[in-house]
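Just so it is clear, none of the values below were taken in a lab; they were calculated from the coordinates. In this text the structure is predicted, and so the values were computed from the model without any measurement. As a convention, Cβ positions derive from the backbone with ideal geometry for all residues, glycine included, and neighbour counts pool all protein chains shown.
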Amino acid sequence: MGNAKVIAKGNFKIKPDMQKIFKAMLPVIGILVGALAGSLVILAKGVNPVHAYAALMEGAVGSMDNFASSLIKTIPLGLTGLAVVISYRAGIFNIGAEGQLQIAAIAVTLIGTQIRGLGPVLHILLCLLAAALAGGVCALLPGIAKAYKGFNEIVITMLFNYIAILFVGFMVQGPMKMKNQYYPQSAPLFPSAKLPYIIPHTRLHAGIILLIIISIVTYLVLFKTAFGFKIRAVGFNQRAALYGGIDSRRVMVVAMVISGAVAGVAGGVEIMGVHGRLIENFSPGYGYDAIAVALLADLHPIWLLLSAFFFGALRNGASSMQISTGVPVSFVYIIQALAVLFVVGSTGVPRFIKKVRRARKNA
Amino acid sequence: MLDQILHVVLSTTFFESSLRLATPLILAVMGGILSERSGVLNLGMEGMMLMGAFFGFAGSYFTGSPWLGLLCAVIGAMILGFIHAFSCISLGLNQVVVAVAVNILGLGLTSSLLRTLFGASTSQLKSAGFKPWEIPFLSNIPVIGTIFFKQTVLVYIGLLLIPLTWWVFYKTTWGLKIRAVGEYPRAADTMGVNVTKVRYLCVLYSSIMGGLGGASLSIAGLNTFVDNITAGRGFIAFSAIIFGKFNPLGAAAGAFIFGIADSLQLNIQALGIKIPYQIPLMFPYILTLIVLFAVGAGSSPKNWGVPYNPDGE
């Protein structure tokens, strides 16, 4: 009986190298399917999809300016994406990146507008520290609730996101609102707290360097250190890690706090590099996009740079596509969702084939 | 200020609006609880409700009939329900990841279609909607009549489903099957229960109810649709189920609490008390969090979120 099972299994096993290629191609297939579905939306709008996607490409990478804009959007997507990677590797799903970056933005704005007389280096470092602290603190409670009490972290972080976004609205319309200003916004950050632009004639700021550094550090920590090994072990199998002498609960909480800190830095960098002050809706949902960014990169910190750029360019290009063709930006979400479904879906296909075959055999 | 609030809270209209605002949650909860009890984690409720809200609105707008709108709501939500069921049950994928994708898909589809079908300016759109339906005699009872019997048909459906769901769960073979599949799928399988079928039906049913819940947001009074109109209600419904310890009666109580919180924040805003509007808006979310922490993680179905693999690998 056991023998028959093995043979049946062998029948639909794809060769290992083919499997590898297939796996690497998955994100691309996912994106293509998403783009195809997006074409339906575009067609429904009465626009030629080829024309619309050309406009999207033009807007995304058509000129130095557009390319820089795509990179600017890559920064928060990459940082929040890393936040998702770090927590997910430890078996916690941090959907709270959006809320963490919102609260961190408040912290950064406070440090950036209230403390004066520091040199740029010190002021920027202090702001980043505040952002990381604020984000980390926000992630601490959900981390403990999940690891020690078995709560569902998705619900907790999601509810917190709504509260955080409303809280930012409250702050910029109330206590932090700049005096004698019509618009709900805070006072501008002192110049010493702003991130410098790094390419002349564009608004691309130093956050991109920070993203690359944090991404490399995340890679090194996850794959080259004992702590990274612990994180991955816990994420892979919590109970097995426990038998291996790893305090998996503690590891989960620490990973969650680090994740929150990185998400916080994303929010801080967005204020220090792009807006220069706290405003409402400064994030169009980067913390949510981060999930797709992380999953599309197969939770790898280096590949993530590519997937963050892809989504940054997509978002940026879609905005100019909306202006020139009227196709709504929100169709980006459809591409995101389908890409994620395809990437994770592929892992279930062998199981599905097996199931179908067995059903046929029984029939 | 406090006496103003107290005055509002003690009025019948306050409870009438609390019940109305609890209805989207009650409907979603009565569906979601089946999915959860059958062992499939349904965090995609938010997206399903959003689809229901949009398709209910669009269907009602184009046909002029809220009943046809309701049909569209159900179909729209079931698209996501099927994706969720197929991914979680047939493919055995990570149910949390699938739910996240389902929610993003719901958001993307609804806001894209809104702009595609209705153009850029959507501020003045009004569809046909359900009107309150006064039940003869019963609606004349003082206080209770106003609170319970001058509501829309969706409120009545929600109220009737609470005891009905409880009855199905604990008094019928179907309920036993669902609970068995969530607790010990292998044992249920050995007893001849088709685990896959039960789970599929439960997830699809939960999407239907999510669709009705969404429609009760868009076409039962407001008769309009705005981006992300659900604003986290799918997650609040999920929290209500946890609050109710996976029992329909407890979960309904949870939904009522959030309905009251929602009504309270709307009333505080309407009173014109000088506090920033964000504070009352935060109230339902904060209350949900507090209640969740107070109740604790509780006892969930044993095989909640675990795909069933008959080969035991």
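Summarise the partner chain shielding of A:163-174 as one whole number: the mean count of Cβ atoms from other chains within 10 Å of each residue's Cβ.
Numbers: counts 10, 2, 3, 10, 3, 1, 5, 7, 2, 1, 3, 4.
Partner Cβ neighbours, averaged per residue: 4.
When the label point is put 7 Å from the Cα of B:Leu266 along its Cα-to-beta-carbon vector, which residues of region B:1-44 have a backbone N closer than 11 Å?
Correct set: B:14-24.
Checking the cross-link filter: which lysines have an alpha carbon closer than 25 Å to that of B:Lys171, excluding same-chain neighbours under 8 positions apart?
Cα-Cα hits under 25 Å: B:Lys197, B:Lys245, B:Lys302.
Label points 7 Å out from Cα along the Cβ direction at B:Leu249 and A:Ala24: separation in nm?
Going from the B:Leu249 label point to the A:Ala24 one covers 6.1 nm.
Most fluctuating residue of A:Ile258, A:Ile103, A:Ile198 in a GNM of chain A with Cα springs under 10 Å: which is it?
A:Ile198
Would you mind ranking B:Leu2, B:Leu114 so that the residue whose beta carbon has the fewest other beta carbons within 10 Å leads the list? Intermediate results must be reported in sequence, preceding the final value.
On the way: B:Leu2 7, B:Leu114 21.
So the residues, fewest neighbours to most, are B:Leu2, B:Leu114.
Just tell me how shielded A:347-354 is by partners: mean number of partner chain Cβ atoms within 10 Å of each residue's Cβ, no decimals. Intermediate results must be reported in sequence, preceding the final value.
Values: counts 4, 11, 2, 1, 8, 4, 0, 4.
The per-residue average across the peptide is 4.
Show that you can apply the helix-only estimate: for chain A, add -39,500 (n - 2.57) for every DSSP H stretch of four or more residues, divide by all residues, and state [θ] at 222 nm to the nearest 500. Write out the running numbers ahead of the final one.
Details: 15 runs with 268 residues, N = 363.
Computed mean residue ellipticity for chain A: -25000 deg cm²/dmol.
Evaluate peptide A:324-337: per residue, the Cβ atoms of other protein chains within 10 Å of its Cβ; return the mean as an integer.
Neighbouring Cβ atoms belonging to other protein chains average 6 per residue here.
When ranked by the protection proxy of mean other Cβ atoms within 10 Å per residue, highest first, what sequence do the peptides B:83-95, B:130-142, B:182-194 form?
Values: B:83-95: 22.8, B:130-142: 12.9, B:182-194: 15.7.
Highest to lowest by the protection proxy: B:83-95, B:182-194, B:130-142.
Name the residues whose placed amide hydrogens come within less than 5 Å of the amide hydrogen of A:Gln185, ignoring near sequence neighbours (fewer than 5 apart) on the same chain.
Excluding prolines and chain starts, which carry no amide H, the hits are A:Met178.
Taking the beta-carbon count within 10 Å as an exposure proxy, list B:Val102, B:Val198, B:Val143, A:Val262 from fewest neighbours to most. Could you put the intermediate results ahead of the total?
On the way: B:Val102 30, B:Val198 23, B:Val143 11, A:Val262 33.
In order of increasing Cβ crowding within 10 Å: B:Val143, B:Val198, B:Val102, A:Val262.
Quick one: A:Lys179, B:Lys126, fewest Cβ neighbours within 10 Å first, how do they rank? Kindly include the intermediate steps, with their values, before the conclusion.
Numbers: A:Lys179 5, B:Lys126 11.
Placing the least packed residue first, the sequence is A:Lys179, B:Lys126.
Taking the Cα centre of region A:75-307 as origin, sum charge times position over the Cβ atoms of Lys and Arg (+1) and Asp and Glu (-1), and report the length of that vector in debye to the nearest 20. Spell out each step's value before the answer.
Working: 15 positive and 7 negative charges, 82 e Å.
Approximately 400 debye in magnitude.
Helix by helix, which DSSP H runs in chain B go 20 Å or more along their axis at the Cα atoms and have an average Kyte-Doolittle hydropathy of -0.5 or more? Provide the component values of the computation, followed by the final result.
On the way: long enough: B:12-37 (35 Å, 0.78); B:45-63 (26 Å, 0.96); B:66-85 (27 Å, 1.93); B:95-118 (34 Å, 1.64); B:153-171 (26 Å, 1.71); B:195-218 (35 Å, 0.92); B:248-271 (34 Å, 1.15); B:278-295 (26 Å, 2.09).
Flagged H segments are B:12-37, B:45-63, B:66-85, B:95-118, B:153-171, B:195-218, B:248-271, B:278-295.
Checking understanding here: applying a Kyte-Doolittle mean of at least 0.0 and a length along the axis of at least 27 Å (C-alpha), which whole DSSP H helices in chain A pass?
Those that pass (Cα extent of 27 Å or more, hydropathy at least 0.0) are A:16-44, A:64-89, A:120-149, A:153-173, A:248-270, A:303-325.
Under a cut-off of 22 Å between alpha-carbon atoms, report the lysines in cross-link reach of A:Lys230, not counting same-chain residues fewer than 8 places apart.
Reachable lysines: A:Lys146, A:Lys149.
Can you list the lysines whose alpha carbon is less than 20 Å from that of A:Lys177, not counting same-chain residues fewer than 8 positions off?
Within the straight-line limit of under 20 Å, A:Lys177 reaches these lysines: A:Lys194, B:Lys274.
If R₀ is 35 angstrom, what is the calculated FRET efficiency for the pair B:Phe82 and A:Ile213, using the beta carbon separation as r and rounding to 0.05?
Working: r = 44 Å, r/R0 = 1.25.
Once rounded, the FRET efficiency stands at 0.20.
Using a Gaussian network model of chain A with C-alpha springs under 10 Å, which one of A:Ala35, A:Ala226, A:Ala292 is most mobile by mean-square fluctuation?
For chain A, modelled as a Gaussian network with Cα springs under 10 Å, the answer is A:Ala226.
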